[in-house]
Ligand code: DC
């Protein structure tokens, strides 16, 4: 390696595009930290429900996000000392997190915390607005995509999302996914968008190892620049 500069790698894209698997593997190969920002929105939504706070109450939800102590390293998802890694992958939290993520003040609070995680570089951050809003100057920006059918299939087969989904039909998963995509792409604040300088990688029918190698190639190229 010609440089040891610790880069910021932004990975955005819709649900089921493979961001989690790819971001985790790329971070591990580079020895970088991996942060799943979707898990932050989910954990805040979980905490709101747990405290019987209405997810429509923007100020109350933002206060939860501001005070929260997150532990997001090495695949852990904990908020204020409670392990919620499993509890946040349910259809209820899918919907609650989408509602929480619409609030501008919640986004402001969580984006500030995401920027702090990446302040020293050496990070692979995945989400919806990492290359557009959180780190518009990220060293490498990837937008992962896949056909809606493939994304629904992957989501239905993902054991991490199995809680409470037993017996859910693929068509139900596809409908719920399409609804969330619509919400994430049409919301007023930081909608899911492709950054002008992002490299779009379509993962439909592509083995995940190939996608990981492609992203690592882009990072290596950037390191050599
Ligand atoms: O990636 P995910 O499904 O775990 O994300 C949960 C919700 O949070 C989803 O509705 C998209 C939203 N989100 C967001 O708005 N911005 C991010 N950076 C990450 C997730």
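The values are calculated or read from the model by the stated rules, or taken from the named source; none is laboratory data. None of the values given here were measured: they were computed from a predicted structure. Cβ: placed from backbone, ideal geometry, glycine included. Neighbour counts: every protein chain shown.
Residues in region 8-50 that are in a loop (DSSP other than H, G, I, E, B) and touching a strand residue (DSSP E or B) at 6+ places or on another chain (Cβ under 6 Å) were compared, and the one that is surrounded by the fewest Cβ atoms within 10 Å (Cβ to Cβ) is 32. Return a yes/no flag: does region 97-107 have any residue that is away from the ligand (no atom under 14 Å from the Cβ) and either at pLDDT 95 or above or within 21 Å of residue 186 (Cβ to Cβ) (or both). Within region 97-107, not a single residue is away from the ligand (no atom under 14 Å from the Cβ) and either at pLDDT 95 or above or within 21 Å of residue 186 (Cβ to Cβ) (or both). Return yes when residue 73 is farther than 25 Å from residue 185 by Cα and either more than 10 Å from the ligand (Cβ to nearest atom) or in contact with a helix residue (DSSP H, G or I) (Cβ under 9 Å, 6 or more places away or on another chain) (or both) and no when it is not. When the stated conditions are applied, residue 73 passes them. Does residue 120 satisfy the criteria of being closer than 24 Å to residue 30 by Cα, away from the ligand (no atom under 11 Å from the Cβ), in contact (Cβ under 8 Å) with a residue 60 or more places away in the chain and surrounded by fewer than 19 Cβ atoms within 10 Å (Cβ to Cβ)? Yes: the conditions hold for residue 120. Exactly one residue among 111, 134, 124, 140 is in contact with a helix residue (DSSP H, G or I) (Cβ under 6 Å, 6 or more places away or on another chain) and either at pLDDT below 95 or farther than 18 Å from residue 70 by Cβ (or both), and that residue is 140. Of the helices (runs of 4 or more DSSP H) lying entirely inside region 143-225, those carrying at least 1 residues that are surrounded by 15 or more Cβ atoms within 10 Å (Cβ to Cβ) and under 16 Å from the mean Cα position of the chain (by Cα) are 148-157, 170-186. Taking the conditions exactly as written (in a loop (DSSP other than H, G, I, E, B), surrounded by fewer than 21 Cβ atoms within 10 Å (Cβ to Cβ) and away from the ligand (no atom under 12 Å from the Cβ)), does residue 112 satisfy them or not? Answer is no for this residue.
A Cβ distance below 9 Å, combined with a sequence gap of six or more or placement on separate chains, defines the contacts here; from region 178-189, residues that are free of Cβ contacts under 8 Å to residues at least 12 places away in the same chain reach residues that are assigned to a helix (DSSP H, G or I) in the pairs 179/95; 179/98. Just one of the listed residues (145, 129) is within 28 Å of residue 30 (Cα to Cα) and within 12 Å of the ligand (Cβ to nearest atom), and it is 129.
Would you mind stating whether residue 68 is modelled with pLDDT of 95 or more and either surrounded by fewer than 19 Cβ atoms within 10 Å (Cβ to Cβ) or within 15 Å of the ligand (Cβ to nearest atom) (or both)?
yes
Could you go through region 86-96 and let me know if any residue there is more than 22 Å from residue 185 (Cα to Cα) and within 16 Å of the ligand (Cβ to nearest atom). Yes, region 86-96 has at least one match.
In the condition set (1) within 26 Å of residue 90 (Cβ to Cβ); (2) more than 11 Å from the ligand (Cβ to nearest atom); (3) without any contact (Cβ under 8 Å) to a residue 60 or more places away in the chain, residue 136 is compliant with all but (1).
Restricting 119, 56, 85 to residues that are assigned to a loop (DSSP other than H, G, I, E, B) and in contact with a strand residue (DSSP E or B) (Cβ under 9 Å, 6 or more places away or on another chain) narrows the list to 85.
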